[in-house]
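What follows is a short report on a single structure.
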Amino acid sequence: MAARKNAMRPKHRLAPGVRPDRVRLHVEVDPASGRRFRGEVEIHLRLDAAISTLRLHAVDLRVSRARFRMDDGSARTLRAKIIAEPKLEMIALRFDEKIPAGKATLTLAFSGKLRSDLCGLYGVTVDDRKYAFTQLEATDARKFFPCFDEPTMKARFEISVTTAPLNTVISNAPVARTEIAADGRKTVHFASTPPLSTYLIALAVGELESSRVVRAGPTAIRLWHTPGKGHLTRFGLEATRACLIRLERYFDLWYPYAKLDMVAVPDFEFGAMENAGAVFFRETLLLIDPDRATLGEKKRAAEVICHELAHMWYGDLVTMAWWDDLWLNEAFATWMAFRIVDEWKPEWKMWHDFQHGRAAAMKQDALRHTHPIYCKVNTAEEANENFDLITYEKGASVVRMLERYLGPTQFRRGVRTYIRRHRESNTVAADLWRALSQTSGVDVEPIARSWIEQEGYPVVEHAIVERKDGFHLQLKQERFYQQPPKQPSPGKWAVPWVGRVGRSRSGGGQLVRHLLTRKRERIFLGKRPPRFVYGNANEGGFFRAAHGPRELAALGRALASLAAVERMGLVDHQWALVCAGRAPIGAFLDLTADLADERDPDVLAALRQPLAFIAHALIPDAASTADEPFRDWLQERFGPAFSALGWTPARDEPDDVRVRRAALLAIVGGAASSGAVLRKATECCDAYLKDRRSLDANLTEAVVSLAARHGSRSRFRRYLAAAAASDTPQEKRRFLLATADFRDPKIIDATLAMSLTDRVPTQDVIFLLGRLMANPAARERTWSFIKHRWPKLRKRMPSLFASRLIESTPNLLTAAHRRDVARFFRENPVPSGDRALRQALERFDWYQGFRRGAAADLRDWLDRRLED
Ligand SMILES: [Zn+2]
């Protein structure tokens, strides 16, 4: 559907002249005694002009008894007729007479049913206990209570909840008082909140236990969970406190809310949600046993915790005016989390994790069907489409690029000014540019806008040329496409370019800076030729660095002079150039060979995905004769490094060695499918199933997955039992999701059938199906299952997940499947799934263009290896 070219307010937007000031919300809910809830909302309003119809949001709620009182001293009450407008997700109150401008109070009674799709106010059952939780972003507050559900409609909320005495009730503000009624039920009254947008309101009701209180300055921090998980709270509390203190220091502003509750929710759609003062998480991201979780799981949890806390300022205190600037929230929170956790735990090398995320965003943004970071949004569906890699990871990369360009101190000054200036209010991007420009004296806007408002990103080609006066670096930019179009695209970016130039015989080289604004520019390097040039120092820029053949060969000899994150970047760029037909697959494999002795686990992790793609997709589909030679070659290159490390860590072995072992195992066991390694992985898995401490935590993910490959039905049952009985959320998830890695067709069918049952929590259904789609033995059965069980499956699949499912379909590879996927999702459209479908079809098309040439290149390259 084309965008509306109409400057008038779209009809699904609220009238800006009717604003809530204060909201009193009372809810009666007891999830143990039934799914119905009811409540009353009293909204104190300001009317800028006279109206005869008043609209506000409500979805799937029964709204009754509208009372409208003029607060002009007369206390006159007016009658209104309630008209449902489900297409607009609104109700209209139509009055018999015109209401004058001024203040008024609207009271509505409402009732609804606890939902099962993880949004609005929804029900969750854990062991026999029943709970209710909210998840309201982007536009689901309207499924919880009638409200002015737009981010600029900030109001102070006074919330109270009546429920059974056993239940704990958590909301944004601290408890002010609790009353017990004659019938034994209790009513919890919360203090009033500062001004908040509706999407940040939180409610949790049920039997929850709390950790001890930890303090960060005046703020009391508590971690909440379902009973029996108290032993998993230490890590989360420590990370919360460490991040909160550092964030306060960064913003030079106290945490803005009266207390901080961190709540582990047993079934949750997103990773976490930044409700002001009451942050909700998936259990895997908050409840951790530090001895049994992998380093990656701990880092990810800390990052998400910090991301949500950064939102307390960026998002909650200062909120984007409308969903088209969602990136103002998400890009900043994402970037900030890496920055702050890196400050807390420098040994974790968080910017390596950032690079993994950035690589995924670059892959998506290389499609023709991508979108700019700033994106026009009219409806709720469109708002939901933007919770993606572009908004988060690309956005964060652009923020990082700007920080590097202005310098961290200047940048922080600008951010502090921006937050202070707009606290408790709403902003657009221009407000941020203004603050940054004022404090730094640099006109930021033109640079920022070329990245925020323009889709895609450039590839910058690097070539060293000799002239009369010495050596120059020639830079040339053009838009990068995974599947380049016939006509070159007109895109041009203001690239804050920073390169690493090696001049001396050894050492890490020097950083050279340049603002590249034209298509081609030259930089003088010196009278003597440099030893090497790497075109994206520290991977700080959101662009692909392409090096000419000579420049690339020089880099191959200078790998040790590059930062580890640059070697990660080099791997990613080279593979992307192969995919785009700009480099032969052999050049990538030569680079892979040069990295066989790589000591940094993240560089190995960057290699894993392309190698697995070659081994599990390209070869079986288009180059089956290359199967054994390729696996032998991988084994030969990476086997020795893995053998040298052995399976068992030395006592006090540092984390990065443990993680390197895991990364190598994923290559030799995964992509290379070494028989000996797979057998040993199965043995280790058996021991691990018996004793969770028998295996280094970092190896568990790969071992459990590899042992499933040739696993029998009895192993499958043991995984299910382990998933049910495990006492950490990470192990539960590990065993549950690994059931998707079995290759026996009967087991695949059993796993598929299980996805429709409560054995798989709603939050994990998509991850299970996504992993089945990535399993070469399971993808076709999975697709056929999805088609045949769609109505039932769809009920277990919130919209966001349905789009993720569409994203997994290109694993099917073939042109026939492409047609089938297109037909199926056109007949069964998924809300917010339009863009995901166009992207998936584009990926299918790309692969069809890629497979034949790449397979031939691969065979040639392997033949030459064999001859050598
Ligand atoms: Zn966020």
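The values are calculated or read from the model by the stated rules, or taken from the named source; none is laboratory data. Quantities reported herein were computed from a predicted structural model and do not represent experimental measurements. So basically every Cβ, Gly included, is an ideal-geometry build from the backbone, and we count neighbours across all protein chains shown. Only protein heavy atoms, including side chains, enter the accessible area calculation; ligands, DNA and RNA are left aside. Shrake-Rupley method; radii C 1.70, N 1.55, O 1.52, S 1.80 Å.
Things worth noting here:
- Evaluated against (1) under 22 Å from the mean Cα position of the chain (by Cα); (2) of a type in the set (Gly, Ala, Ser); (3) assigned to a strand (DSSP E or B), Ala204 falls short on exactly one condition, (1).
- Restricting attention to segment 283-299, the residues that are within 16 Å of the ligand (Cβ to nearest atom) and either in contact with a Lys or Arg (Cβ under 8 Å, 6 or more places away or on another chain) or more than 18 Å from Lys345 (Cβ to Cβ) (or both) add up to 1.
- Within segment 413-431, the residues that satisfy the criterion of being more than 21 Å from Leu515 (Cα to Cα) and part of a helix (DSSP H, G or I) are Arg413, Val415, Arg416, Thr417, Tyr418, Ile419, Arg420, Arg421, His422, Ala429, Ala430, Asp431.
- Only one entry of Gln574, Gln477, Gln482 meets the criterion of being part of a loop (DSSP other than H, G, I, E, B) and either surrounded by fewer than 19 Cβ atoms within 10 Å (Cβ to Cβ) or modelled with pLDDT of 95 or more (or both), and that entry is Gln482.
- Residue selection: Thr240 fails the criterion of being surrounded by 20 or more Cβ atoms within 10 Å (Cβ to Cβ), in a loop (DSSP other than H, G, I, E, B) and not aromatic (Phe, Trp, Tyr).
- Note on segment 16-32: residues that are out of contact with any Leu (no Cβ under 8 Å at 6 or more places or on another chain) and either modelled with pLDDT under 95 or over 30 Å from Thr187 (Cβ atoms) (or both) total 1.
- Summed over segment 264-282, the residues that are surrounded by fewer than 24 Cβ atoms within 10 Å (Cβ to Cβ) and away from the ligand (no atom under 16 Å from the Cβ) give a count of 2.
- Which listed residue, of Glu238, Glu269, Glu209, is modelled with pLDDT of 95 or more and over 25 Å from Pro346 (Cβ atoms): Glu209
- Here the helices (runs of 4 or more DSSP H) wholly within segment 313-389 that include at least 2 residues being more than 17 Å from the chain's Cα centre (by Cα) and more than 16 Å from the ligand (Cβ to nearest atom) are 326-344, 380-385.
- Taken together, the criteria place Glu653 among residues that are assigned to a loop (DSSP other than H, G, I, E, B), open to solvent by 20 Å² or more (accessible area, probe 1.4 Å) and farther than 30 Å from Pro227 by Cα.
- A search for C-beta distances below 9 Å between a residue of segment 319-336 that is over 13 Å from Thr152 (Cα atoms) and any residue that is of a type in the set (Asp, Glu) and near the ligand (Cβ under 10 Å from one of its atoms), counting only pairs 6+ apart in sequence or on different chains, returns Asn329/Glu274; Ala333/Glu274; Ala333/Glu308.
- Here the condition is being open to solvent by less than 20 Å² (accessible area, probe 1.4 Å) and either on the phi < 0 side of the Ramachandran plot or outside any loop (DSSP other than H, G, I, E, B) (or both); of Val442, Val498, Val512, it holds for Val498 alone.
- Of Thr739, Thr757, Thr728, Thr762, all but one fail to be among the hydroxyl-bearing types (Ser, Thr, Tyr) and more than 26 Å from Gly296 (Cβ to Cβ); the exception is Thr757.
- Any hit, segment 300-312, residues being surrounded by 22 or more Cβ atoms within 10 Å (Cβ to Cβ), within 12 Å of the ligand (Cβ to nearest atom) and over 16 Å from the mean Cα position of the chain (by Cα): yes
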